[in-house]
Amino acid sequence: MNSVERRSEILKNLKKNEIVEVSYLAKKLGVSNVTIRSDLDFLVAKGMIVRTYGGAVIADKPGILRFVSNLLNEYTTEKERIARAASEMIHGGMQIIIDTGSTTVRLMDYIKDMSITIVTNSLLVAAKVEPSSSIELILAGGTLSKYCMGFLGEITKYDIQRINADILFLGTAGYSVNDNILTCESLEEAEIKRTMIMHADKICLMADSSKAEKKAFAKVCPLDKINSIITDQMTENTKTWFHKNHIATIIV
């Protein structure tokens, strides 16, 4: 089987199963994991799939999914610093919610050895939990959104409504202090974020500086609903606004 045939088979498997792992494809097609990763990278470059941790998911809208794929690799240094700072807010025994997002998922790298309960709708966050981990994971299921690689819809909302967390680590597509608004890309995603906010005692926004004074399609809530924000840089006017609204700012 040549590379063209192999990549065609990979796409067929993804269309059938939606999400597949590298190890599964390697065994099924009789090649190494390295070869499969190379094939997946080729298909990502063509905008046909999005890589996930350990596998891939097919694209319904290649243009949008190329953007999502790139998002995981943008501002990586800043996102790592934000995630490290967020992890310092967590201690053993806590119950936390982790939202979908390319910054929030990085939090898992710093808390994987903690004895905590994590509630999430993020497939990427769930995939970071190792078998030997002491983390208790509660995955809020539903309909998988390939845009954010998380579960959305009424089932997701119902699952989240049944819990209460100490703190929510929230992602965003953009926020504005001028308009006092927090936003995301879709109405369904906004509904889940609002549900998370209602079921957490504290809300920590994890947002790199590229999200400042940007407004995406869907409104989540007034920005002054959050308790703290972790970011990499901030203007003096923005700092003043957060201070006046009694919102803690952590700049890393």
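On a 21 Å Cα-Cα criterion, which of the cross-link pairs Lys157/Lys211; Lys193/Lys225; Lys157/Lys214; Lys16/Lys193; Lys128/Lys214; Lys157/Lys225 come out too long?
In this structure, Lys157/Lys211; Lys157/Lys214; Lys16/Lys193; Lys128/Lys214 exceed 21 Å between Cα atoms.
Out of residues 5 or more away from Ala165 or on other chains, whose amide H comes under 5 Å of its own, with H placed 1.01 Å from N in the peptide plane?
Placed amide hydrogens put Ala200, Asp201 under 5 Å from Ala165.
Helix 62-71 versus the longest principal axis of the chain: what angle, 0 to 90°, nearest 10, using Cα atoms?
For helix 62-71, the angle is close to 60 degrees.
Among Ala85, Ser38, Cys184, pick out the residue whose Cα is farthest towards the positive end of the charge dipole of the chain, where Lys and Arg carry +1 and Asp and Glu carry -1 on C-beta, about the Cα centre.
With unit charges placed on the Cβ atoms, the residue in question is Ser38.
Using a Gaussian network model on the chain with a 10 Å cutoff between Cα atoms, which of Val34, Val22, Val44 fluctuates the most?
Comparing Val34, Val22, Val44 in a Gaussian network model of the chain, the most mobile one is Val34.
Of Asn180, Asn164, Asn17, which is the most mobile in a GNM of the chain whose springs link Cα atoms less than 10 angstrom apart?
Of Asn180, Asn164, Asn17, the most mobile in the Gaussian network model is Asn17.
Using a 10 angstrom cutoff on alpha carbons, build the Gaussian network for the chain and name the most mobile of Thr104, Thr240, Thr231.
Maximum fluctuation in the GNM of the chain, among the listed residues, is at Thr240.
Considering only DSSP states other than H, G, I, E and B, which chymotrypsin sites (Phe, Trp or Tyr not before Pro) in region 127-178 qualify as loop sites with at most 11 other Cβ atoms within 10 Å?
Numbers: sites: Tyr147, Phe151, Tyr158, Phe169, Tyr175; in loops: Tyr147.
Of the chymotrypsin sites (Phe, Trp or Tyr not before Pro), not one in the loops of region 127-178 has a Cβ with at most 11 other Cβ atoms within 10 Å.
For region 77-169, what is the percent of antiparallel DSSP beta bridges, rounded to the nearest 5?
Numbers: 4 of 15 bridges.
Counting only bridges with both partners in region 77-169, antiparallel ones make up about 25 percent.
Treat each spin label as a single point 7 Å out from the Cα along the C-beta direction, and report the Lys16 to Ile163 distance in nm.
In this crude spin-label approximation the distance works out to 3.4 nm.
Classify region 118-252 as rounded, prolate or oblate, taking a ≥ b ≥ c as the square roots of the eigenvalues of its Cα gyration tensor: rounded when a/c is under 1.5, otherwise prolate if a/b is larger than b/c and oblate if not. Each step should come with its number before you reach the end.
Values: a/c = 1.89, a/b = 1.58, b/c = 1.20.
In terms of gyration-tensor shape, prolate.
May I ask for the longest run of the chain untouched by trypsin sites (Lys or Arg not before Pro) that are loop-located per DSSP and have at most 14 neighbouring C-beta atoms (other than their own) within 10 Å?
Longest gap between qualifying sites, sites excluded: 47-161.
Using the alpha carbons of region 106-188, what is the convex hull volume per residue in cubic angstrom, as a whole number?
Considering the Cα atoms of region 106-188, their hull volume per residue is 120 Å³.
What is the Cα centroid distance between region 1-26 and region 90-161, reported in whole angstrom?
Each part's Cα centre sits 27 Å from the other's.
Considering only DSSP states other than H, G, I, E and B, which GluC sites (Glu not before Pro) in region 124-233 qualify as loop sites with at most 11 other Cβ atoms within 10 Å? All intermediate terms of the calculation are to be shown ahead of the outcome.
Numbers: sites: Glu136, Glu154, Glu185, Glu188, Glu189, Glu191, Glu213; in loops: Glu185, Glu213.
Nothing satisfies the criteria.
Roughly what % antiparallel, to the nearest 5, for the DSSP beta bridges in region 108-252?
Details: 10 of 27 bridges.
Once the DSSP bridges in region 108-252 are tallied, antiparallel ones form about 35 percent.
Using a ≥ b ≥ c from the Cα gyration tensor of the chain (square roots of the eigenvalues), is it rounded, prolate or oblate, where a/c under 1.5 gives rounded and otherwise the larger of a/b and b/c decides, a/b for prolate?
prolate
In straight Cα distance, which lysines are under 20 Å from Lys12, not counting same-chain residues fewer than 8 positions off?
Partners within reach: Lys27, Lys28, Lys46, Lys61, Lys146.
Take every DSSP beta bridge with both residues inside the chain and express the antiparallel ones as a percent of the total, to the nearest 5. Intermediate results must be reported in sequence, preceding the final value.
Working: 17 of 41 bridges.
Roughly 40 percent of the beta bridges in the chain run antiparallel, per DSSP.
Counting other Cβ atoms within 10 Å, keep those with at most 16, restrict to DSSP loop, and tell me which chymotrypsin sites (Phe, Trp or Tyr not before Pro) in region 209-252 are left.
Qualifying residues, ordered by number: Phe217.
Values quoted throughout were computed directly from the atomic coordinates according to the rules given, and no laboratory measurement underlies them. Since the model is a prediction, treat every value here as computed from it, not as a measurement. FYI the Cβ positions are ideal-geometry reconstructions off the backbone, even for glycines, and counts take in every protein chain you see.
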